[in-house]
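Just so it is clear, none of the values below were taken in a lab; they were calculated from the coordinates. Remember, predicted model here, so these are calculated numbers, not experimental data. Counting neighbours? That spans all protein chains shown, and the Cβs are built from the backbone with ideal geometry, glycine included.
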Amino acid sequence: MYFVRLAICVVLCATLAASRLMILEEGRYHVDLEIRGVGEEATISLAINAYTTGYVGFGFGLTNELPGTDVFMGGVISIDSIKQPYIDDYYIGEEKIRVKDECVGCQNWNLVSADESNGRTTLVVERLLTTNDTQWDIAITNTNLYVRWSTGETDSVEGVASWKGRLVNLFNVDDTPTSTTPRSTTTTSTVSTTTEGPATRHINLDDNYTVELSLTGNGVNGVIELLLKVNTAGYVGFGLSRSPNMTGADLFIGGYNAVDKTLYGKDYHGDTNEMPVEDLSGQDWMVLGGYEWEGMTTLQIMRILDTSSPQEDIAIQNSDLYVIWSYGENDTISQHNARGSRLLNLFVVDDGQNSGSGSDFSPLRTNFLLLLMVAFAFLKS
């Protein structure tokens, strides 16, 4: 039975190779999409990760006019520590009035999973490319569509939402940072087409801590994506500083809690060399995925290069900064089991791969770790 599950795991992770990434809202709204199958059974799957604790909206239309757009809105409502996910299928009519698809069988978006934590909402949804609802739904074909997205400060979807748009072909759009493939042309301000350095580079911080990084663009239109691989079953810390110590440092601390089988991660800063302080201006490091296996913790995280929060964050530029790192024996964030610092330039550093620690992500793929976690949970069951 174990080998049957392992085979399913391999197939599941291999399926991920077809997933592609859209980066919207200057890195604050990610859509990892996958189109599977052919003909009437073909489906689209979306994994949306957005900086909001309110609703998340997504859809598409045939023109750049909002009326006639096919959208859904969903999220997670938290009531007395109980999380209640929701999703509804809508059609935007004249005067930008949103109408819920009310006919029998017209709610065609299936909510696979939903979560809200650390100021972010994650939705995984799917539907047929061509539904039976020809009145309200738009068929997804291998042509350009105007993609629409929206977020709200709360879960109230009443009133007129603010929708932004971008002309793309969902069959070939891919914003994954690479050194050779330019980004798709957009109608809004998105990540720059400039890529600094190779797609994936490596930093060896010590014998137990390696980093794979992918860096694209500059400033508020730039994104850094890190894969932290640390030989510990406890927390993992990664930070930036203008000095080799914690005072004034910009820090991320996260890990995988094996007790409740959940990922965690938050943005901190150092006021002194003692315990770090959680950022109040915003949680800018996004945990894309992670897992813990045989004493090794792997985390995939992403952040905008310049968060415009100079009081708590350090802008990542083409210049030297101290990378500071730490990890603990368990998930209690207290004294470090190990720590260190190193002066380097994240735009150019590349230590190459450690012998025996080949790259699992080249280029880095947002959804890879997410499905790997599903596969891992399946093997453990």
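Length gain on complete extension for the stretch GLU41 to GLN311, per 0.36 nm per residue less the alpha carbon to alpha carbon distance?
On the way: separation 270, 0.36 × 270 = 97.20 nm, distance 5.14 nm.
So the extension gain works out to 92.1 nm.
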TODO: Assuming R0 = 56 Å, can you tell me the calculated FRET efficiency for the pair TYR86 and ASN245, based on Cβ-Cβ distance, to the nearest 0.05?
DONE: 0.75
Open item on the list: Between ASP320 and TRP293, what is the label-point separation in nm under the 7 Å Cα-to-beta-carbon projection?
Closed with: 3.8
Open item on the list: With Kirkwood's inverse mean 1/r over C-alpha pairs for Rh, give me the Rg to Rh ratio of region 193-335, two decimals please.
Closed with: 0.94
TODO: Using only the Cα atoms of region 30-103, build the gyration tensor, take square roots of its eigenvalues as a ≥ b ≥ c, and label the shape rounded, prolate or oblate: rounded if a/c is under 1.5, else prolate if a/b is larger than b/c, else oblate.
DONE: oblate
- [ ] Can you check what the net charge comes to around ALA249, using other residues whose Cβ is under 11 Å from the Cβ of ALA249 (Lys, Arg +1; Asp, Glu -1)?
- [x] -3
TODO: List the aspartates and glutamates whose Cα lies under 19 Å from the Cα of LYS83, skipping any in the same chain that are fewer than 8 positions away.
DONE: ASP115, GLU116, GLU153, ASP155, ASP260
Open item on the list: Using Cβ counts within 10 Å as a stand-in for footprinting exposure, how do MET302, MET275 rank, fewest first?
Closed with: MET275, MET302
Task: Stretchable slack from VAL349 to GLU274, in nm (0.36 nm times residue separation minus alpha-carbon distance) - done: 24.1 nm
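Order by neighbour count: LEU280, LEU288, LEU128, fewest other Cβ atoms within 10 Å first, most last.
Values: LEU280 11, LEU288 26, LEU128 19.
Arranged by neighbour count, lowest to highest, LEU280, LEU288, LEU128 become LEU280, LEU128, LEU288.
Rounded if a/c is under 1.5, else prolate if a/b is larger than b/c, else oblate: which is region 22-168, with a ≥ b ≥ c the root eigenvalues of its Cα gyration tensor?
On the way: a/c = 1.40, a/b = 1.32, b/c = 1.06.
Here region 22-168 falls in the rounded category.
Using the 10 angstrom Cβ neighbour count as an exposure proxy, how do TRP136, TRP109, TRP293 rank, fewest first? Display every interim value, and only then the final one.
Numbers: TRP136 19, TRP109 26, TRP293 13.
If I rank by nearby Cβ atoms, fewest first, I get TRP293, TRP136, TRP109.
Provide the gained length on full extension for the span LEU62 to ASN110, in nm with one decimal, where the gain is 0.36 nm per separating residue minus the Cα-Cα distance. Walk me through the numbers on the way to the answer.
Working: separation 48, 0.36 × 48 = 17.28 nm, distance 2.23 nm.
Difference between extended and current length: 15.1 nm.
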- [ ] Would you list, by chain and number, the lysines whose Cα falls below 22 Å from the Cα of LYS96, excluding same-chain residues fewer than 8 positions away?
- [x] LYS164
